[in-house]
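Notes for the one structure printed next.
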Amino acid sequence: MANHNTQKFSALKGNYSKVKIGIVCAEWNAEVNELMLQNAKQTLADYKVKNCTIVKVPGSFEIPYAAKQMIASKFDAVICFGTIVKGETMHDVVLAHSVTDALMTLNIQQNIPIILGVLTVNSQKQALDRANGKYGNKGKECAEAALRMVEVRNELKLKK
């Protein structure tokens, strides 16, 4: 049986009141994506993030385009939410590879962290369990990862 414990990372320690976070959220599979979005917004508010912009796109395939536009708008980090559920064909595999590859390319080519909150699951139940259920709270996790990566980026800038 797989280990489904949520992963913890270094404690967040910064002042995030001036951090600018962009969130791209797919409308397809809205029940799951909205849950992740609301949890991320609450977490960012808990950390006193005041500047958060949300852009909705039709589906997961459109996420990389919107993320790239947010990068051009000088956000400190971009969080991407989508849900890809396995179907009868290989569409989910093609879509998941395309989206994650595009986001990884943006992540390594740009100077802004891109946080992957795109679930790739076998069922709606699995998606809900990962969005805010027995296997985690993906919205909260992604928000905290975005803030941690802003810290990492700032730490690396100081060392130059």
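Does Val32 qualify as being touching a residue at least 60 places away in the same chain (Cβ under 8 Å), under 21 Å from Leu119 (Cβ atoms) and β-branched (Val, Ile, Thr)? Considered against the rule, which asks whether it is touching a residue at least 60 places away in the same chain (Cβ under 8 Å), under 21 Å from Leu119 (Cβ atoms) and β-branched (Val, Ile, Thr), Val32 comes out as yes. Within segment 39-60, residues that are more than 29 Å from Val93 (Cα to Cα) and part of a strand (DSSP E or B) have Cβ atoms under 6 Å from residues that are open to solvent by 30 Å² or more (accessible area, probe 1.4 Å) and not hydroxyl-bearing (Ser, Thr, Tyr) in these pairs: Asn51/Lys20, counting only partners at least 6 apart in sequence or on another chain.
The residue that is farthest from Asn29 (Cα to Cα), among those in segment 91-142 that are of a type in the set (Gly, Ala, Ser) and touching a residue at least 60 places away in the same chain (Cβ under 8 Å), is Gly136. Scan segment 15-25 and tell me whether some residue there is over 20 Å from Asn154 (Cβ atoms), in contact with a Lys or Arg (Cβ under 7 Å, 6 or more places away or on another chain) and at pLDDT 95 or above. Yes: one or more hits. Gly82 meets each of the listed conditions (1) of a type outside the set (Ser, Thr, Tyr); (2) open to solvent by less than 90 Å² (accessible area, probe 1.4 Å); (3) part of a helix (DSSP H, G or I) apart from (3). Just to be sure before I move on: is Met104 closer than 21 Å to Gly139 by Cα and open to solvent by 60 Å² or more (accessible area, probe 1.4 Å) in the structure I sent? Judged against the criteria, Met104 is a match.
For the condition modelled with pLDDT of 95 or more and either more than 14 Å from Ala102 (Cα to Cα) or in a strand (DSSP E or B) (or both), Phe75 qualifies.
Selection of segment 107-151 for residues being surrounded by 14 or more Cβ atoms within 10 Å (Cβ to Cβ) and β-branched (Val, Ile, Thr) yields Ile112, Ile114, Ile115, Val118, Thr120, Val121, Val150.
The values are calculated or read from the model by the stated rules, or taken from the named source; none is laboratory data. Please read these numbers as outputs of a predicted model, since none were measured by experiment. Backbone-built Cβ (ideal geometry, glycine too); neighbour counts: all protein chains shown. Only protein heavy atoms, including side chains, enter the accessible area calculation; ligands, DNA and RNA are left aside. Shrake-Rupley method; radii C 1.70, N 1.55, O 1.52, S 1.80 Å.
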